[in-house]
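Read-outs: derived from the displayed coordinates by stated rules, not from any lab. Quick caveat: nothing in here was measured; it's all calculated off a predicted structure. With ideal geometry, Cβ positions are generated from the backbone for all residues, glycine too; neighbour counts draw on all protein chains shown.
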Amino acid sequence: MSMYNAESQHYSETRHPTLYLCDGDVVLAAARSPTATILFRVDKVYLARSVNEMYDGVPRVQLADDADDLARLLAALYDPTSLSLERLNPDTPILMTGVMKLAVKYEIDAVRTLIVKHIEADWPQTLEDWDAYQAERGAAAQAYNESKDKKFKGKYFDEVYPEPVAAIRFALEFDVPSILPAAWYQLATTDAKVHLDYDTIRRQPSLRLFSAPCSAKARWKLLQTDASLLTITMFGKAKLEDYMKVAEHILRNSALACESSQRCEQSGFKKAREFLALYGTPADPLYGIKQILTSGLWDTDMCTECIAYKHKQLQRARRTIWEALPEDFQLPSWEMTEAASE
Ligand SMILES: [Zn+2]
């Protein structure tokens with residue numbers, strides 16, 4: 001056996017460079033590898049645990065947790081900004097999983113709440129917030145398209161918006177139902193064929209050329225590990241397709257008080273076909289109807305009665321779609337989620 005191997009098999013205990021506080025009243029020991037243990041000296045008030053030995057004049061607790069996750073949790077207790085939580089970062093759910101597991105295990109609510117609130121702020125919970133989120137994304141996509149280096153704030157477009165699969169898995173594991181309707185809607189409206197797998201694209205940036213650079217991406221491969229998530233996504237997508245038909249129906253049918261039925265019928269038929277062609281694959285009824293309402297139906301030659309009638313119906317349909325998202329994706333209702341978070 002070489003010297004190097006013999007050396008590396010020595011067991012070592014090292015004090016954490018910043019989280020070994022000389023005035024701490026408990027020492028926590030956690031393994032970084034089978035042969036390397038990291039020692040943290042912190043304030044016992046944060047952790048109610050049984051003590052089995054002494055170290056450096058204070059009780060020592062041996063933990064089975066990963067030393068890096070523990071370091072992040074303890075750092076967050078003393079300085080919440082150490083978590084480096086960044087708004088709309090697609091990696092947040094993945095980066096926070098280890099810390100969250102420990103925060104839940106040791107019932108450290110301050111850290112748990114901090115992370116949950118941050119992730120909740122990334123995913124809209126009202127239709128108004130969803131519209132603001134989409135408008136922000138639209139503006140970013142435009143800036144991206146106009147930029148010379150094809151980047152937005154120094155990053156690729158898909159790196160500055162949350163990714164739904166990691167968010168869904170995080171929300172299910174740590175019971176954060178409030179973000180699920182929006183995350184699942186985003187997933188169901190993401191085209192798997194065109195946009196490829198998010199992690200694959202990040203490993204091979206040249207793939208971005210073929211991957212609709214300004215569109216949402218998803219970690220499809222991560223979704224594959226859980227068949228029930230795939231099923232919910234499929235059923236939800238089917239519901240969104242039904243809503244497209246509802247909107248198409250509204251666009252096609254004239255108002256009762258229509259002033260010029262034949263012209264309005266032809267115009268409505270044309271608009272309905274255009275609507276399906278533009279927003280039908282993958283079905284994105286919230287976006288499609290919003291586009292129709294924003295541009296108005298004034299570009300058509302429908303009568304004013306029909307335009308007013310269809311506007312009202314489409315607005316109502318859009319509200320209904322948002323309200324029904326929890327049911328469509330087999331989630332607790334908005335009211336239940338809201339009551340639980342109070
Ligand atoms: Zn009419």
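Side notes on the structure shown:
- The angle separating the long axis of helix 92-105 from the principal Cα axis of greatest extent in the chain is about 50 degrees.
- Residues whose amide H lies under 5 Å from that of residue 32, counting only those 5 or more places away or on a different chain, are 37, 38, 67; hydrogens are built 1.01 Å from N in the peptide plane.
- The angle between the Cα long axis of helix 127-146 and the longest principal axis of the Cα atoms of the chain comes to about 90 degrees, rounded to the nearest 10.
- Straight-distance candidates among the lysines for linking to residue 153, with alpha-carbon spacing under 28 Å and chain neighbours fewer than 8 residues away dropped: 117, 193, 217, 221, 290.
- Ranking 200, 106, 181 by how far each Cα lies toward the positive end of the dipole of the chain (charges on Cβ) leaves 200 at the top.
- Note on residue 298/residue 172: beta-carbon distance plugged into 1/(1 + (r/R0)^6) with R0 of 30 Å gives a FRET efficiency of 0.10.
- FRET efficiency for residue 281 and residue 54, using Cβ-Cβ distance with R0 set to 51 Å, rounded to 0.05: 0.15
- What the phi angles of segment 14-20 give under the Karplus curve with 6.51, -1.76 and 1.60, with θ = phi - 60°, is a coupling list of 10, 7, 4, x, 10, 9, 10 Hz, glycine and proline written as x.
- Degrees, to the nearest 10: 285-295 long Cα axis against longest axis of the chain: 50
- Backbone amide hydrogens, once placed in the peptide plane, bring residue 152 within less than 5 Å of 157, excluding anything fewer than 5 places away on its chain.
- The ranking of 206, 33, 178, 333 by Cβ neighbour count inside 10 Å, starting from the fewest, reads 206, 33, 333, 178.
- About its Cα centre, the chain has a charge dipole of approximately 1040 debye under the convention of +1 per Lys or Arg Cβ and -1 per Asp or Glu Cβ, with nothing else charged.
- If R0 equals 25 Å, the separation of the Cβ atoms of residue 338 and residue 101 corresponds to a calculated FRET efficiency of about 0.45.
- The gain in end-to-end length when the residue 134 to residue 21 segment is fully stretched comes to 36.1 nm, 0.36 nm per residue minus the alpha carbon separation.
- Under-5 Å amide H pairs with residue 15, H placed in peptide plane, nonlocal only: 39
- The label point for residue 146 and the one for residue 249, both projected 7 Å from the Cα toward the Cβ, are 4.1 nm apart.
- Separation in nanometres of the label points that stand 7 Å from Cα toward Cβ, at residue 204 and residue 311: 4.9
- The modelled label-to-label distance for the pair residue 153/residue 327, using points 7 Å beyond Cα in the direction of Cβ, is 3.7 nm.
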